[in-house]
1. Are any residues in the range 89-117 among the hydroxyl-bearing types (Ser, Thr, Tyr) and either in contact with a helix residue (DSSP H, G or I) (Cβ under 8 Å, 6 or more places away or on another chain) or closer than 19 Å to residue 36 by Cβ (or both), and if so, which ones?
2. Just wondering, is there one or more residues in the range 100-119 that are modelled with pLDDT under 95, closer than 18 Å to residue 54 by Cα, surrounded by fewer than 12 Cβ atoms within 10 Å (Cβ to Cβ) and in contact with a Ser or Thr (Cβ under 8 Å, 6 or more places away or on another chain)?
3. Six or more apart or on different chains, Cβ under 6 Å: which pairs go from a residue in the range 122-141 that's within 11 Å of residue 107 (Cα to Cα) to one that's modelled with pLDDT of 90 or more and open to solvent by 40 Å² or more (accessible area, probe 1.4 Å)? Could you list them?
4. Do you know which residues across the range 40-73 are in a loop (DSSP other than H, G, I, E, B), on the phi < 0 side of the Ramachandran plot and not β-branched (Val, Ile, Thr)?
5. Looking only at the range 1-16, filter to residues that are at pLDDT 95 or above and open to solvent by 70 Å² or more (accessible area, probe 1.4 Å); which one of those is farthest from the chain's Cα centre (by Cα)?
6. Please indicate, with yes or no, whether at least one residue in the range 70-81 is touching a residue at least 60 places away in the same chain (Cβ under 8 Å), touching a Pro at 6+ places or on another chain (Cβ under 8 Å) and either open to solvent by 40 Å² or more (accessible area, probe 1.4 Å) or hydroxyl-bearing (Ser, Thr, Tyr) (or both).
7. Scan the range 41-53 and report the pairs whose first residue is open to solvent by 30 Å² or more (accessible area, probe 1.4 Å) and whose second residue is assigned to a loop (DSSP other than H, G, I, E, B), with Cβ atoms within less than 9 Å and a gap of 6+ or a chain change.
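The values are calculated or read from the model by the stated rules, or taken from the named source; none is laboratory data. Everything numeric in this text was worked out from a predicted model, so none of it was measured. As a convention, Cβ positions derive from the backbone with ideal geometry for all residues, glycine included, and neighbour counts pool all protein chains shown. The area values use the complete protein model at the heavy-atom level, side chains included, leaving out ligands, DNA and RNA. Shrake-Rupley method; radii C 1.70, N 1.55, O 1.52, S 1.80 Å.
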Amino acid sequence: MEKKKIPFSLQSIATEEFATIKNCYKEEAKIKLETGYGYGINIEKHSVGVKFSVTFKCGENPFVILKILCEFDIEPKTFSGFKKEDDYIIPKNFITHLTVLTIGTARGILHAKLEKSGFEKFLLPTLNISDIIKDDLIIKSEPK
């Protein structure tokens, strides 16, 4: 199957939440990493939003929290081609690519914000997104 090129650009990056909670960090404790993903569209702006969150925890206590949103503008004709009946269907390979770009952006934000904080050793590891995203992304159109 031939892959179609999808013209897009990165429109905006927003750090929605960032916190370090030094008193929750225990050097001898086992560190847990939690990540989360979310997606949305803006039909009027022909854009796709990718939310990504990362939390480092000692036990159940978070000590580093980051949540970001990257918005990507899609060429309008291509964006309208995503519409199928009442849904917008974003191809798996494309949403995977946007997610990888968002995670890379989060990695840079995290590095910059943790620099000289005492937490700079906590890097966001590489994540295999193709293991997480298995299918096209289906987003329901908002009811009118």
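1. Correct list: 96, 99, 102, 105.
2. Within the range 100-119 (the criterion being modelled with pLDDT under 95, closer than 18 Å to residue 54 by Cα, surrounded by fewer than 12 Cβ atoms within 10 Å (Cβ to Cβ) and in contact with a Ser or Thr (Cβ under 8 Å, 6 or more places away or on another chain)), the answer is yes, since at least one residue qualifies.
3. Within 6 Å, the pairs are 124/107.
4. Those that are in a loop (DSSP other than H, G, I, E, B), on the phi < 0 side of the Ramachandran plot and not β-branched (Val, Ile, Thr): 44, 45, 60.
5. In this case the residue turns out to be 8.
6. Step one: list which residues in the range 70-81 are touching a residue at least 60 places away in the same chain (Cβ under 8 Å), which gives 70-75, 78.
Subset that is touching a Pro at 6+ places or on another chain (Cβ under 8 Å): 74-75, 78.
Then drop every residue that is not either open to solvent by 40 Å² or more (accessible area, probe 1.4 Å) or hydroxyl-bearing (Ser, Thr, Tyr) (or both), which leaves 75, 78.
Checked against the condition, which is being touching a residue at least 60 places away in the same chain (Cβ under 8 Å), touching a Pro at 6+ places or on another chain (Cβ under 8 Å) and either open to solvent by 40 Å² or more (accessible area, probe 1.4 Å) or hydroxyl-bearing (Ser, Thr, Tyr) (or both), the range 70-81 yields at least one hit.
7. 41/82; 41/141; 43/141; 43/142; 46/75
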